[in-house]
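Taking it in order: structure first as structure tokens, then the write-up.
The values are calculated or read from the model by the stated rules, or taken from the named source; none is laboratory data. Since this is a predicted model, take the numbers as computed values, not measurements. Backbone-built Cβ (ideal geometry, glycine too); neighbour counts: all protein chains shown. Areas reflect the complete protein model, heavy atoms only, side chains present, ligands, DNA and RNA absent. Shrake-Rupley method; radii C 1.70, N 1.55, O 1.52, S 1.80 Å.
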Amino acid sequence: MAIAGLLVQAGKEDLPGVEARLKELPELSTYGIHKEQYIVVVAEAPSGQLEQVVERINRLPGVLTTYTAYLTVEDELPGVPD
Amino acid sequence: MEITRREFLKMSAAGAALMAIGCPVAAWAAKGEGEPDRWVKGVCRYCGTGCGVMVGVKGGKVVTVKGDPKNHNAGFLCLKGALMTSVIYAKERITQPLIRKNGKLTPASWDEALNLVASKFKEAIAQHGPKSVAYYGSGQALTEETYLASKIFKAGLKCNNVDGNPRLCMASAVGGYVTTFGKDEPMGSYDDIDNASCFFIIGSNTSECHPILFRRIAARKEANPATKIIVVDPRVTNTTRIADIHISFIPGTDLALLNSMAYVIIKEEMDNPRFHGAYCAFMDKEGKPQTFEDYKKFLEDYAPEKAEKITGIPAKTIKEVAKIFAQSSATMSMWCMGINQRIQGVWANNLIHNLHLLTGQIGRPGATTFSLTGQPNACGGVRDAGGLSHMLPAGRLIANKEHRNQMEKLWGLPEDSLNPEPGLPTIALFEALKEGKIKAMLILCTNPAQSLPDVNRYREAMARKDKFICLIEVFQDAETVQFADVVLAPAFWCERDGVYGCSERRYALIEKAIEPPGQCRPSVNILVDLAKRMGVDPKLVPYNNAADIWDEWRAVAKPTVYNFWGITRERLRKESGLKWPCPSEDHPGTNIRYVRGEDPLVPPDHPTKYFFYGRPDGKAVIWFRPYVGCAEGPDSEYSFVLTTGRVLDQWHTSTMTGKVPEIQRSYPKAFVEINDKDAKKLGIQTGDHVQLETRRDKMVFEARVGEVCRPGLVFVPWFDPKLLINKLTINAVDPISKQPEFKICAVKVSKAAKA
């Protein structure tokens with residue numbers, strides 16, 4: 001499983017609607033609207049599906065684009081101590 | 001409160017996202033069990049934006065990558081930058097030297113491989129002279145690697161056949177800056193984005209190719225809704241989503257648009273005579289001095305109604321954008337390959353600069369003319385350090401005796417000992433390989449068997465039995481590996497330290513975070529070892545590591561206008577990048593060049609505010625550059641225009657992004673975009689197989705039908721090694737920059753049977 005900290009950018013008026021749609025996606029937790037532009041989102045997806053999650057976010061009406069601020073894939077690397 | 005490790009990681013992820021937008025993160029700041037052992041500062045490996053990254057290391061392995069909040073990207077990364085971990089640990093890594101024996105690459109010792117390479121180069125030089133060998137480098141190599149390789153060949157072997165893949169992407173931008181301002185590299189920086197009130201984006205799909213800069217542009221628009229965004233592109237890309245005006249035009253005609261905008265600006269008295277009268281010279285295309293009145297006469301051919309016939313852009317739109325450009329409080333132009341990869345690339349660059357000089361939209365926060373770079377170190381490494389066939393370090397030219405003599409002194413060589421004849425630029429270099437004139441070539445960190453235009457021609461050249469190619473390459477599945485006689489195994493990205501210089505003149509350090517796998521060695525160590533074995537004077541390569549080379553390079557640049565003496569290794573370790581000029585260790589770096597009080601190279605008592613010190617008369621040039629069409633336009637037989645480019649997450653030849661399962665699943669293969677009206681006429685639907693045929697070759701792609709391409713235009717991304725679109729592109733080059741015209745060639749489009 002990968003965990004990513006994402007910033008979803010949307011127009012000011014679209015933000016509440018976008019946030020509501022994001023909350024409907026099971027892989028995501030949302031952390032509020034910030035700076036009148038961004039919704040902070042954490043995506044938790046099985047290996048190989050993160051890109052599809054981001055694509056799905058990008059396709060939501062009102063979303064300008066999605067940025068990654070953090071990504072960890074440590075579960076997927078052999079030999080990394082827990 | 002007890003939290004699980006997974007919860008902690010989620011909090012870290014949210015905390016990093018909040019930090020990126022400057023929000024308090026106290027709740028997430030507590031150190032927990034999931035925290036990496038240490039964070040190591042670096043720079044993203046991909047595009048020329050040069051985003052700062054923090055590499056999280058645990059148990060000696062990279063486990064996490066996050067944006068560096070102190071660098072210009074303020075903690076943001078695009079997805080491909082954040083997914084670097086899978087690339088480092090890809091199973092395709094080359095971990096020991098390989099020598100081709102009986103047609104197969106087989107493991108060898110470093111001694112065996114390096115001795116073989118050295119003997120082949122020595123043999124070629126002994127039998128055919130120094131012109132028979134070459135180095136082909138990369139805008140992804142470290143600055144220290146490019147500087148060193150260039151020195152070994154130019155000073156050690158007296159061979160100027162030193163070129164690199166920036167010739168394919170940025171050479172026209174260099175030509176534009178040098179011919180207009182006298183010196184390469186932009187005068188502005190990314191900070192201008194936060195101050196611009198008009199963005200003129202031409203020939204750049206910023207959203208997909210430079211996503212972090214697109215974010216900053218979108219943020220500027222959001223903070224100041226009056227900001228106008230003009231996007232000039234024959235495709236309706238994701239960048240146009242934030243445009244106030246999107247201008248589609250007939251591909252290859254943008255020179256007419258740019259001249260027409262200049263015509264409108266003057267005709268409607270929106271120019272700034274106080275600026276261009278004091279700080280600009282006018283020149284015709286041969287470089288003969290002209291007057292402003294001559295310029296007005298030259299522009300008569302580009303009245304909007306005339307330009308409309310050439311470009312397909314309504315005259316009304318041309319007038320409107322000219323007005324917005326000139327009358328905004330600060331206009332920032334940005335462009336990329338759509339302008340540079342053209343046979344009139346330098347001229348197109350000049351014409352963008354013309355608009356800024358004519359209106360005085362330059363040298364103020366937000367008012368600047370800014371070339372976006374494709375690779376992470378095309379600017380800092382190849383352009384600045386002199387890794388091209390006509391250049392010496394820090395803007396010096398091989399053809400200039402005074403410049404050669406300066407370098408001979410700095411490098412401890414006898415006077416007049418450097419070879420005065422410029423070497424071969426990329427396409428000419430591979431033509432020479434094809435003709436058997438280049439006998440031995442060293443290729444570092446690039447994949448020409450996929451990235452050259454008309455690539456069948458040059459794959460054939462690389463396949464010659466009598467040539468010798470040594471490749472320093474990270475991945476065994478890179479296309480060029482199949483043509484290599486020896487492959488050397490380098491340390492990759494954060495497995496060694498070195499400097500990258502991005503589009504805004506910012507130098508930043510990638511620190512070593514982990515040990516390289518197997519027998520991999522830093523490329524600077526490989527190059528030093530190889531040079532000594534080739535018989536290069538050991539005094540020319542007295543380096544133990546990249547830091548030694550950096551110190552020499554600082555000294556070499558110090559007497560020039562590239563002066564970055566103050567950017568020491570120690571400062572780079574502490575700070576997240578610094579912008580040159582930076583002449584002393586207490587200098588903070590420069591945001592705006594050529595302006596008194598901003599640029600340390602303009603004396604504080606200089607009598608005027610602006611000083612284009614790269615030019616002999618201190619004046620920038622407004623060039624008369626007539627509209628000239630492309631090398632191979634559509635005709636009755638090949639009736640479409642083929643253009644190529646990037647998609648959001650795949651990068652260049654996908655040797656890196658292709659290792660990331662998430663990206664590979666999203667963009668598994670190349671496709672052809674075709675306009676829905678054209679598709680209807682040809683009976684093509686999305687998912688159908690479509691044959692593209694140019695005068696070079698033909699291939700079949702899956703169709704994506706829609707409104708992205710204008711009618712008559714098709715687009716194919718170039719990342720896919722299984723569908724090498726460069727088999728179809730043309731090798732015609734700009735006469736000044738020698739950059740090929742990847743962006744336009746004629747193509748026949750037809751529906752193909754499904755396999």
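How many residues, within the range B:41-78, are facing chain A (nearest Cβ under 7 Å) and either in contact with a Phe, Trp or Tyr (Cβ under 8 Å, 6 or more places away or on another chain) or of a type in the set (Val, Ile, Thr) (or both)?
9
When the range A:1-10 is examined, which residues are found to be more than 7 Å from chain B (Cβ to nearest Cβ) and buried (at least 17 other Cβ atoms within 10 Å of the Cβ)?
A:2, A:8, A:10
Could you tell me whether any residue of the range B:567-574 is farther than 23 Å from residue B:351 by Cβ and touching a Cys at 6+ places or on another chain (Cβ under 8 Å)?
Within the range B:567-574, one or more residues are farther than 23 Å from residue B:351 by Cβ and touching a Cys at 6+ places or on another chain (Cβ under 8 Å).
Taking residue B:99 and the conditions (1) at pLDDT 95 or above; (2) crowded, with 22+ Cβ neighbours inside 10 Å, which numbered condition does it fall short on, given that it satisfies the others?
Condition not satisfied by residue B:99: (2).
Within the range B:445-490, work out how many residues are part of a helix (DSSP H, G or I) and hydrophobic (A, V, I, L, M, F, W, C).
Here the count works out to 6.
From the list A:35, A:23, which one is under 22 Å from residue B:19 (Cα atoms), more than 9 Å from chain B (Cβ to nearest Cβ) and without any contact (Cβ under 8 Å) to a residue 12 or more places away in the chain?
A:23
Go through the range B:633-681 and give me each residue that's touching a strand residue (DSSP E or B) at 6+ places or on another chain (Cβ under 6 Å) and aliphatic (A, V, I, L, M).
Passing the criteria: B:641, B:642, B:647, B:670, B:672, B:674, B:679.
Give me the strands (runs of 3 or more DSSP E) completely within the range B:132-245, filtered to those with at least 1 residues that are at pLDDT 95 or above and among the polar types (S, T, N, Q), ordered by residue number.
none
Among the residues of the range B:264-271, is any surrounded by fewer than 19 Cβ atoms within 10 Å (Cβ to Cβ) and more than 29 Å from residue B:619 (Cβ to Cβ)?
Checked against the condition, which is being surrounded by fewer than 19 Cβ atoms within 10 Å (Cβ to Cβ) and more than 29 Å from residue B:619 (Cβ to Cβ), the range B:264-271 yields no hits at all.
When the residues of the range B:607-650 are narrowed to those that are under 24 Å from the mean Cα position of the chain (by Cα) and polar (S, T, N, Q), which ends up surrounded by the fewest Cβ atoms within 10 Å (Cβ to Cβ)?
The extreme case among them is B:644.
Just give me the residues in the range B:701-725 being more than 27 Å from residue B:459 (Cβ to Cβ), charged (D, E, K, R) and either open to solvent by less than 60 Å² (accessible area, probe 1.4 Å) or in a loop (DSSP other than H, G, I, E, B) (or both), in sequence order.
The answer is B:707, B:710.
Can you confirm whether residue B:593 is without any contact (Cβ under 8 Å) to a residue 60 or more places away in the chain, under 27 Å from residue B:69 (Cα atoms) and open to solvent by less than 60 Å² (accessible area, probe 1.4 Å)?
Criteria not met by residue B:593.
I'd like to know if the range B:349-356 contains one or more residues that are at pLDDT 95 or above, open to solvent by 10 Å² or more (accessible area, probe 1.4 Å) and among the β-branched types (Val, Ile, Thr).
No, the range B:349-356 has no match at all.
Out of the residues in the range B:491-514 meeting the condition of being part of a strand (DSSP E or B) and in contact with a Lys or Arg (Cβ under 7 Å, 6 or more places away or on another chain), tell me which one is least open to solvent (accessible area, probe 1.4 Å).
This residue is B:509.
Do we have any residue at all in the range B:658-670 that's in contact with a Ser or Thr (Cβ under 9 Å, 6 or more places away or on another chain) and either in the same structural domain as residue B:450 (by TED's automatic domain parsing) or within 26 Å of residue B:348 (Cα to Cα) (or both)?
The answer is no, given that none of the residues of the range B:658-670 is in contact with a Ser or Thr (Cβ under 9 Å, 6 or more places away or on another chain) and either in the same structural domain as residue B:450 (by TED's automatic domain parsing) or within 26 Å of residue B:348 (Cα to Cα) (or both).
Of the conditions (1) within 30 Å of residue B:287 (Cβ to Cβ); (2) aliphatic (A, V, I, L, M); (3) part of a strand (DSSP E or B), residue B:736 fails just one. Which one is it?
(3)
So if I check each of B:653, B:694, which one is under 25 Å from the mean Cα position of the chain (by Cα), more than 14 Å from chain A (Cβ to nearest Cβ) and among the polar types (S, T, N, Q)?
Answer to the check: B:653.
Considering only the range B:214-250, how many residues are more than 10 Å from chain A (Cβ to nearest Cβ) and farther than 30 Å from residue B:711 by Cβ?
Total meeting the criteria: 5.
Among the residues that make up the range B:360-368, is at least one of them under 30 Å from residue B:652 (Cβ atoms) and assigned by TED's automatic domain parsing to the domain that holds residue B:274?
The answer is yes, given that some residue of the range B:360-368 is under 30 Å from residue B:652 (Cβ atoms) and assigned by TED's automatic domain parsing to the domain that holds residue B:274.
Please verify whether residue B:735 is open to solvent by 50 Å² or more (accessible area, probe 1.4 Å), out of contact with any His (no Cβ under 9 Å at 6 or more places or on another chain) and on the phi < 0 side of the Ramachandran plot, treating the condition exactly as stated.
Judged against the criteria, residue B:735 is a match.
Does residue B:531 satisfy being surrounded by 19 or more Cβ atoms within 10 Å (Cβ to Cβ) and either outside the structural domain of residue B:411 (by TED's automatic domain parsing) or not hydroxyl-bearing (Ser, Thr, Tyr) (or both)?
yes
Go through the residues of the range B:686-700 one by one and say whether even a single one is small (Gly, Ala, Ser) and surrounded by 17 or more Cβ atoms within 10 Å (Cβ to Cβ).
Scanning the range B:686-700 turns up no residue that is small (Gly, Ala, Ser) and surrounded by 17 or more Cβ atoms within 10 Å (Cβ to Cβ).
What are the residues in the range B:199-213 that are among the small types (Gly, Ala, Ser) and facing another protein chain (nearest Cβ under 10 Å), if any?
The answer is B:207, and nothing else.
Can you name the number of the only condition in (1) more than 21 Å from residue B:338 (Cα to Cα); (2) within 22 Å of the chain's Cα centre (by Cα) that residue B:128 fails?
If we test residue B:128 against (1) more than 21 Å from residue B:338 (Cα to Cα); (2) within 22 Å of the chain's Cα centre (by Cα), just (2) comes out false.
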